[in-house]
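Structure first, commentary second.
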């Protein structure tokens, strides 16, 4: 099982704590240190949709110029921007076997992992 995110993100912290409390081993991948590829984003978007991957609620999004935000109308544009600014990816991304969860919702984790 792999979990992707940013270590100081509160939602990532909650998800990793939940996994630890339930004795579920996982490999953590830090977007800031390891980056993310367009190929990874594309694969995740096949399951979740590119709009769900794009974090429009964070400060990184709010700081972008309006012309950049309005230019994100295709998966390719979104993937390029997310690869350049990994903070724009909704977190955490949990990959378990052939399943993908975006964000942390305890009931979803419990259904998938217990």
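No value in this document is a laboratory result; all are computed from the given coordinates. Bear in mind the structure is a predicted one, so any value in this text is a computation, not a measurement. With ideal geometry, Cβ positions are generated from the backbone for all residues, glycine too; neighbour counts draw on all protein chains shown.
Label-point separation (nm) for residue 24 and residue 66, each offset 7 Å from Cα along Cα-to-Cβ?
That separation, rounded to one decimal, is 4.2 nm.
Between helix 38-48 and the chain, what is the angle of the helix's C-alpha long axis to the longest principal axis, kept within 0 to 90° and rounded to the nearest 10?
It works out to around 70 degrees.
Among 1, 82, which comes first, second and so on when ranked by fewest other beta-carbon atoms within 10 Å?
Neighbour counts put them in this order, fewest first: 1, 82.
Pairs of Cα atoms under 8 Å, at least six residues apart: use those to get the relative contact order of the range 1-70, whole percent.
Answer for the range 1-70 is 26 percent.
Principal axis extents for the range 42-112, Cα atoms only, whole Å, descending order, please.
Between the extreme Cα coordinates on each principal axis of the range 42-112 lie 40, 22, 16 Å.
Assuming 0.36 nm per residue, please report the length gained on full extension of the stretch residue 77 to residue 2 beyond their Cα-Cα distance.
24.5 nm
Report, in degrees rounded to the nearest 10, the 0 to 90 angle that the Cα long axis of helix 10-21 makes with the longest principal axis of the chain.
20 degrees
Would you please give the FRET efficiency between residue 84 and residue 46, computed as 1/(1 + (r/R0)^6) with r the Cβ-Cβ distance and R0 = 22 Å, to the nearest 0.05?
Values: r = 21 Å, r/R0 = 0.95.
Calculated transfer efficiency: 0.55.
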